[in-house]
Amino acid sequence: MFLDPILGWFSMDMGIDLGTCNTLVCVRNEGIVLNEPSVVAVRKGTNIVLNNGEAVGLVAREMLGKTPGSISAIRPMKDGVISDFEITEAMLSYFIRKVHGRNSRLIKPRVVIAVPSGITAVERRAVIDSAERAGARKVYIVKEPMAAGIGAGLPITEPTASMIVDIGGGTTEVAIMSLADISTCESVRIGGDDMDEAIINHLKRTYNLLIGEPRAEQVKIQLGSAAPLEEELTMEIAGRDTISGLPRKIVITSEEIREALKEPIAGIIEAVTSTLEKAEPELAADLIENGLHLAGGGSLLRGMDKVLANATGLKVIRADEPLTCVARGTSVYLENLELWKDTIDHSGGWE
Ligand code: ADP
Ligand code: MG
């Protein structure tokens, strides 16, 4: 929060990372003030958000499983596109209000929102309208890889190439940037969710063991890897036997999970190499010096940096705190609106 020098009034401008898995809000001088799952709980088969529109984020996730059957969880950004405008609006609006509160001493905030680069102009407009209806005085949209680049401290305004690979839950965004613009980018619908699903399928096929998504994510985080580990790991996992229908426990190894993760990882590698193939030769040459930077939760998978380095021949650097990289980037973007004005005024960072 800070005193607006022109308006002489308190303002709480915010940067929002509207991710496929998690939404984060960053406020100037305060850092990350909100970090919640991008989930909305609705009455099954309807668009009615429970608790008068307040069953969003952590609350929504907590409700799940407690009243199974009548409630369904929706992740409106899951595939990097907006599957349902109303539900996305309910989510965005809830998060903005939660941060801004109903403090009458505050003027309406300016809001910078990072969205997946694959969303259409119509979806982008819908995000802007939703944020305005939720009380924003001015809304700026920035593409996620751009925000990730800023958050990772890359020199993206300079005449040299910066490359970001942002591995999120539903999508992986690959972009090569220079002079504050995206030169080449690709967004694929492969991310951490697909790794979870690959683990579920492996256990079902190999052991007739059924596990849910939260448990599969836990396996991925505890045991998952993209490249061989110095010391391979094992883990006990409980689930339901698909034949007897009864609960059962088995022991799994990091080797078999790595094998199960091969396909989604190959998809991510493919997106990276094909983006490099499309890059301007001058920028591609810069990358030999500058390397490739990783952001997003999926970049935390053990050995992800190694397999990407092998596939590209480039130096691979994981951003500090990859899960908050985009949100911190939006906040820096907000602080430098003047600097970014040209990009924003002409296209909102859009092509
Ligand atoms: P999004 O930007 O799409 O919301 P995030 O950048 O928040 O996604 O990343 C979420 C994904 O990162 C999830 O699939 C989650 O399981 C995964 N993730 C988080 N921590 C780890 C970890 N330590 N190892 C592997 N994957 C992780
Ligand atoms: Mg993200």
Legend entry - Per-residue [θ]222 nm for the chain (sum of -39500 (n - 2.57) over DSSP H runs n ≥ 4, rounded to 500): -12000 deg cm²/dmol
Legend entry - Along the chain, longest interval not containing exposed trypsin sites (Lys or Arg not before Pro), exposed being DSSP loop plus at most 16 other Cβ atoms within 10 Å: 138-314
Legend entry - Estimated dipole of the chain in Debye, rounded to 20 [Cβ of Lys and Arg +1, of Asp and Glu -1, Cα centre]: 1520 debye
Inset, instruction - Mind listing the long-range amide H neighbours of SER225? Cut-off is under 5 Å, sequence gap 5 or more, other chains count too, H placed in the peptide plane at 1.01 Å from N. - result: ARG258
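Which value, in debye to the nearest 20, describes the size of the charge dipole of region 191-336 about its Cα centre when Lys and Arg Cβ atoms bear +1, Asp and Glu Cβ atoms bear -1, and nothing else is charged?
That gives region 191-336 a dipole magnitude of about 580 debye.
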Inset, instruction - Just check the chain against the gyration tensor rule for me: Cα atoms, a ≥ b ≥ c as the square roots of the eigenvalues, rounded for a/c under 1.5, and otherwise prolate or oblate depending on whether a/b exceeds b/c. - result: oblate
Inset, instruction - Positive end of the charge dipole of the chain (Lys, Arg +1 and Asp, Glu -1 on Cβ, about the Cα centre): tell me which of GLY245, ILE150, SER225 has its Cα farthest that way. - result: GLY245
Legend entry - Hz values of 3J(HN,Hα) by residue in region 184-190 - Karplus curve (6.51, -1.76, 1.60), Gly and Pro given as x: 9, 8, 8, 10, 10, 8, 9
Inset, instruction - State the answer as a single residue: which of PRO281, CYS325, ASN51 lies farthest towards the positive end of the charge dipole of the chain, with beta carbon charges of +1 for Lys and Arg and -1 for Asp and Glu, about the Cα centre. - result: ASN51
Inset, instruction - Restricting to region 45-180, compute how many DSSP beta bridges are antiparallel as a %, nearest 5. - result: 50 percent
Legend entry - Whether region 173-225 is rounded, prolate or oblate, judged on the alpha carbon gyration tensor where a/c under 1.5 counts as rounded: prolate
Inset, instruction - For VAL316, enumerate residues with amide H under 5 Å from its amide H, sequence gap 5+ or separate chain, H modeled in the peptide plane. - result: LEU292
Inset, instruction - Counting only DSSP beta bridges with both residues in region 176-302, tell me the antiparallel percent, nearest 5. - result: 90 percent
Inset, instruction - Please state the charge dipole magnitude for region 83-133, taken about the Cα centre, from unit charges on C-beta atoms (+1 on K and R, -1 on D and E), reported in debye and rounded to the nearest 20. - result: 440 debye
Legend entry - Estimated vicinal HN-Hα couplings, Hz - region 69-84 in sequence order (Karplus 6.51, -1.76, 1.60; Gly, Pro = x): x, 8, 10, 10, 9, 10, 10, x, 9, 2, 9, x, 10, 8, 7, 8
Legend entry - Whole-Hz couplings from phi, Karplus 6.51/-1.76/1.60, listed for region 143-151; x for Gly and Pro: 6, 3, x, 5, 4, 5, x, 5, x
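What FRET efficiency do you get for LYS44 and ARG240 if R0 is 22 Å and r is their Cβ-Cβ distance, rounded to the nearest 0.05?
0.45
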Inset, instruction - Please build a GNM for the chain, connecting alpha carbons under 10 Å apart, and tell me which residue among LEU276, LEU301, LEU229 fluctuates the most. - result: LEU229
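No lab work stands behind these numbers, since they all come straight from the coordinates. Since the structure is predicted, the reported quantities are computational estimates derived from the model, not experimental observations. Please note: Cβ atoms are built from the backbone with ideal geometry, for glycine as well, and neighbour counts cover all protein chains shown.
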